Structures are given as structure tokens and as C-alpha cells.
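So the structure is just underneath, and the comments pick up after that.
The values are calculated or read from the model by the stated rules, or taken from the named source; none is laboratory data. Given the structure is predicted, the values throughout are model-derived calculations rather than measurements. Heads up, the Cβs are rebuilt from the backbone with ideal geometry, glycines too, and the neighbour counts pull from every protein chain shown.
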């Protein structure tokens, strides 16, 4: 039995800031699933406040969905938040997902910068590394995000962490590194996406 993950008291935001810079993160279940079947997925959006160096989790959608619906949800969230960048772990499945987002975004006229980033070997260690940020209030949540908050607080018995926690770690990693840059250097949307 693993010890409880991130037991520190969470901090919460109540009002969205106009100065926040938005970033998105997507994680799909690593378990083998046929592409068209429902699979557990986590879509997180964070608003980064550059003045106080705080990431505010504004969206946390965690539930099984078909990949096409996940792609549609990403683009709908992009239309609402205009994220500077969406990130996902670099796996064969997510490469296909990235191509799908780019193709659909191009068709709908909603620019959606998305790229995959290398997976890290020890996911648990990565997630545990968020403890100082959560304890100091550098990562804040909304009280309505019950599913993600439950994943943060409960004890884990499975071999790999919940996908919501994986998405939170890559969201923090990306936002904290990129928010202070003048540009996010997004991946260009290709004129002819990979079929």
C-alpha cells in the first residue's frame, strides 16, 4: 500500500483572473484499448498567474470517453480559453491523438497548439514532486473539482498513478517553465495533417 499522495491542505481559487495565461494537458489511460473504444481520459486546463507564480486549475474533466469526443472537447476548451499550448505525454497513442487534434482544429478554424513531451520513468516520483507547490499554494484548485481532489487525497494501491495526477504534473511542468517566455513556441498546424 502506498502512502497517501499529496496530503497537504489544498488551496482554492474563487474568481478567474483576467491576467492568467492558460495551458492545457491531456492524459489517456496507458492500458491497451482499441482506438475507437471509450478509454479513461483526463483533460486539465490551468491559468498561470505570472505575478505571483501560481497555477490555478480551472478545468478538470476526468472520465471515460471515445477519442473523437476527447478531441472535440479539447477544441471546444481551446475556443473558450485560447490556451498557449496543450501538452500530452509522448506515446504512440498520443501521437495519433495529436494528429487528430491538429486535423480537426484546422477544419474548424480553431488554432490549437499541441505537442507531446517525453514520458518520465518514475511517475510517482514526479507526482510526489508537486507536494511543495501544493503545500505553498502555488497550485490551486476549484472546490468543484471533486474527482481530481479525490485522486490527490486518496491512498493508492495500483501500480501506476491516476491519470488526473499525471495530467496535473505535466500541466505544472509546462506552465511553470513556459509562462514567463514571450512566446510558447507552439507546434505549427500542418496544412496537410497525417492521415
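Tabulated data
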{"read-out": "Single residue of 93, 83 found to be within 20 Å of residue 171 (Cα to Cα) and at pLDDT below 90", "value": "93"}
{"read-out": "Any hit, region 43-57, residues being on the phi > 0 side of the Ramachandran plot and modelled with pLDDT under 95", "value": "yes"}
{"read-out": "Identity of the residue in region 74-95, touching a residue at least 24 places away in the same chain (Cβ under 8 Å) and in a helix (DSSP H, G or I), that ends up nearest to residue 48 (Cα to Cα)", "value": "81"}
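Per-residue answers, yes or no, for (1) assigned to a helix (DSSP H, G or I); (2) without any contact (Cβ under 8 Å) to a residue 24 or more places away in the chain; (3) in contact with a strand residue (DSSP E or B) (Cβ under 6 Å, 6 or more places away or on another chain); (4) within 16 Å of residue 165 (Cβ to Cβ):
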{"position": "64", "(1), (2), (3), (4)": "no, no, yes, no"}
{"position": "72", "(1), (2), (3), (4)": "yes, no, no, no"}
{"position": "97", "(1), (2), (3), (4)": "yes, no, no, no"}
{"position": "100", "(1), (2), (3), (4)": "yes, no, no, no"}
{"position": "104", "(1), (2), (3), (4)": "yes, no, no, no"}
{"position": "116", "(1), (2), (3), (4)": "no, no, yes, no"}
{"position": "127", "(1), (2), (3), (4)": "yes, no, no, yes"}
